[in-house]
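Have a look at the structure below, then the notes.
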Amino acid sequence: MKQFSSRFSMGVHILTLIAVMPGDCTGDIIAGSVNTNPVVIRRIMAQLKKAGLISVRPGVGGATLLKDPASISLLEVYHAVEVIDEGPLFNFHQNSSPRCPVGRTIEASLAAELAEAQAAMEQKLSSVSIAKMMGQAG
């Protein structure tokens, strides 16, 4: 099964760490905690900044949350860092044969099921906050 990129889990990790260590989170500290290259962290932090979730002070100034951790949902993080356009999460193959009884109906049949799966995932992500992640850290 195809997986989402690790940007989502790293984004949650970054925001939770910033919330737990306000004022002390430099890119190097975050990279050490995530155990990945600082360049990767800077890219994700740029996406989080663009989404209005963090501010980043140049140099060794670190990062701070721009919102209360209780008001940042995992869905918001997902939308900030994943490069998936708004809309359906699942794509369909093109040009099914209209002469085939399965080919002419599969997209409509499957679309409803996949939309329901996406809605369930988004509902779950929207119900979990960075504050909850903070409570589970440590």
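Bear in mind these aren't lab numbers, they're just calculated from the coordinates by the rules spelled out. A quick note: this is a predicted structure, and the numbers were derived from the prediction, not measured. Counting neighbours? That spans all protein chains shown, and the Cβs are built from the backbone with ideal geometry, glycine included.
What the table shows:
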quantity: Percent RCO, i.e. relative contact order, over segment 7-136, from Cα pairs under 8 Å lying at least 6 residues apart; calculated: 31
quantity: Cα centroid separation, segment 65-81 to segment 6-23 (Å); calculated: 10
quantity: Cβ-based exposure ranking for Thr16, Thr105, Thr26, in which fewest neighbours within 10 Å come first; calculated: Thr105, Thr26, Thr16
quantity: Surface/4 estimate of mean projected area, convex hull on alpha-carbon atoms of the chain, nm²; calculated: 9.8
quantity: Expected 222 nm ellipticity per residue - DSSP helices of 4 or more, -39500 (n - 2.57), all of the chain, to 500; calculated: -16000 deg cm²/dmol
quantity: Rough spin-label spacing in nm, given labels placed 7 Å along Cα→Cβ, for Thr36 and Glu82; calculated: 1.5
quantity: Distant-in-sequence amide H partners of Cys25 (H built 1.01 Å from N, under 5 Å); calculated: Ala63
quantity: Loop trypsin sites (Lys or Arg not before Pro), segment 1-83 (other Cβ atoms within 10 Å of the site Cβ: 16 or fewer; DSSP); calculated: Lys2, Lys67
quantity: Two-decimal ratio, segment 1-60, of alpha-carbon radius of gyration to 2.2 N^0.38 Å; calculated: 1.08
quantity: Per-residue HN-Hα couplings for segment 54-60 [Karplus 6.51, -1.76, 1.60; θ = phi - 60°; Hz; x = Gly/Pro]; calculated: 9, 10, 10, 8, x, x, 9
